[in-house]
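In what follows, a single structure is set out as structure tokens and then discussed.
The values are calculated or read from the model by the stated rules, or taken from the named source; none is laboratory data. All values derive from a computational prediction rather than experimental measurement. FYI the Cβ positions are ideal-geometry reconstructions off the backbone, even for glycines, and counts take in every protein chain you see.
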């Protein structure tokens, strides 16, 4: 008499059902973690760019009056402008830098970064995210 070892169909179906239930619970949580990760990356890059601007200011006693290309010349201050990742908005990841004489002029809501490059402006040297949509905490991106 041979004894066959293995799982019955019922046991396999129970395991598949448990895996299905766990995946239904885990997938939305994973999507939320991806959003949080992208937002944290963007805020970290914003802080890094602002620090780079302060280092530039310390060395030159003025902020750049271009679209931040001066910061990447020969990799002196930063090698490349990092992308702004804006999840849950219509914007793609972008390294574009919108410039203007004021914060309102620089804000084009096109994604990427916005920078006030007019030496006559009281906001000269201000850098922010070029997006007026809300982040996951319901704060406008350009308010960071």
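Observations on the structure shown:
- Residue 64 meets each of the listed conditions (1) modelled with pLDDT under 95; (2) within 23 Å of residue 34 (Cα to Cα); (3) surrounded by 17 or more Cβ atoms within 10 Å (Cβ to Cβ) apart from (2).
- Restricting attention to region 93-144, the residues that are part of a strand (DSSP E or B) and under 22 Å from residue 55 (Cα atoms) add up to 11.
- Residue check, residue 34 under 14 Å from the mean Cα position of the chain (by Cα), part of a helix (DSSP H, G or I) and at pLDDT below 90: yes
- The number of residues in region 6-15 that are exposed (fewer than 10 other Cβ atoms within 10 Å of the Cβ) and at pLDDT 90 or above comes to 0.
- Within region 39-67, residues that are at positive phi have Cβ atoms under 7 Å from residues that are surrounded by 14 or more Cβ atoms within 10 Å (Cβ to Cβ) and part of a loop (DSSP other than H, G, I, E, B) in no pair, counting only partners at least 6 apart in sequence or on another chain.
- Qualifying residue in region 4-27 (condition: in contact (Cβ under 8 Å) with a residue 40 or more places away in the chain, under 23 Å from the mean Cα position of the chain (by Cα) and assigned to a helix (DSSP H, G or I)): no
- Residues (out of contact with any helix residue (DSSP H, G or I) (no Cβ under 8 Å at 6 or more places or on another chain), in a helix (DSSP H, G or I) and closer than 20 Å to residue 107 by Cα) located in region 50-70: 50, 69
- Unique residue being in contact with a strand residue (DSSP E or B) (Cβ under 7 Å, 6 or more places away or on another chain) and at pLDDT below 95 when the list is 143, 132: 132
- Residue 87 fulfils the conditions (1) over 29 Å from residue 121 (Cβ atoms); (2) crowded, with 16+ Cβ neighbours inside 10 Å; (3) over 13 Å from the mean Cα position of the chain (by Cα) except for a single criterion, (3).
- Checklist (1) in contact with a helix residue (DSSP H, G or I) (Cβ under 9 Å, 6 or more places away or on another chain); (2) exposed (fewer than 10 other Cβ atoms within 10 Å of the Cβ) applied to residue 77, failing item: (2)
- Residue in region 97-117 that is touching a residue at least 60 places away in the same chain (Cβ under 8 Å) and either surrounded by fewer than 19 Cβ atoms within 10 Å (Cβ to Cβ) or under 14 Å from the mean Cα position of the chain (by Cα) (or both) present: yes
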